[in-house]
Amino acid sequence: MKVLLDTHLILWASFRTSLLSEAAKRIIGDPAHDLFFSVVNIWEVAIKRGLRRPEFQVDPSVLRRGLLENGYRELAISSDHAIAVGVLPPIHQDPFDRLLVAQAVVEGITLLTSDPVVARYPGPVRAM
């Protein structure tokens, strides 16, 4: 299975594994799964770090390097992803989460999310 993590799960998997659910730990730890992070994750960390949000106080370049070193694949943002955002139902207003959902739909990747509102989107989105 191809798996894309939302930004909170990326941060928890990288720095605070105790916050991950057992189900998330099993999926992330399964070598049969292809793990992805998105440019969206790195962008969100950079923006929210600049806003001094406490849970985002990590250097985005260190985060990216660590993800790549741990076998995650990077998913770029395409115009297809941007277009797909425009047809999503108005379930959630956060632009980062909406773009992650659009990427999951377009790419056929399962998005794992810590946000129960994001998990309400139809398609390949699972709450963790």
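Computed from the coordinates by the stated procedures, all read-outs in this text should not be read as laboratory data. Computed from a predicted structure; not experimentally measured. So basically every Cβ, Gly included, is an ideal-geometry build from the backbone, and we count neighbours across all protein chains shown.
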- Could you pull out every residue, at least 5 positions away or on a different chain, whose amide H is within less than 5 Å of the one on L4? Hs are placed 1.01 Å off N in the peptide plane, and Pro or chain starts have none. F36, T110, L111, L112
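About the Cα centre of the chain, how large is the charge dipole given +1 on each Lys and Arg Cβ and -1 on each Asp and Glu Cβ? Please answer in debye to the nearest 20. The partial results should precede the final answer.
Working: 14 positive and 14 negative charges, 51 e Å.
In total the dipole reaches around 240 debye.
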- Task: Starting from the Cα of L51, step 7 Å toward the Cβ, then list every residue of segment 101-121 with an amide N under 16 Å from that point.
- Result: none
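How much net charge surrounds V118 when only other residues with a Cβ under 11 Å from its Cβ are counted (Lys, Arg +1; Asp, Glu -1)? Mind showing how you got there, number by number?
Details: positive: R98, R120, R126; negative: D6, D94, D97, D115.
Net of charged neighbours comes to -1.
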- Which is farthest toward the positive dipole end of the chain among P95, P60, A24, measuring Cα position about the Cα centre, with Cβ charges +1 (Lys, Arg) and -1 (Asp, Glu)? P60
- Query: On the first, second and third principal axes, largest extent first, how far apart are the outermost C-alpha atoms of segment 1-69 in Å?
  - Reply: 36, 22, 17
- Item | Amide proton proximity set for L75, modelled H, under 5 Å, gap of 5+ | F37, S38, V39
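Decide, for segment 29-102, between rounded, prolate and oblate: order the square roots of the alpha carbon gyration tensor eigenvalues as a ≥ b ≥ c, take rounded if a/c falls under 1.5, and otherwise choose prolate if a/b is larger than b/c, else oblate.
Details: a/c = 2.07, a/b = 1.17, b/c = 1.76.
Note, shape of segment 29-102 comes out oblate.
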- Roughly speaking, what % of Cα-Cα pairs in the chain are separated by over 22 Å, rounded to a whole number? 30 percent
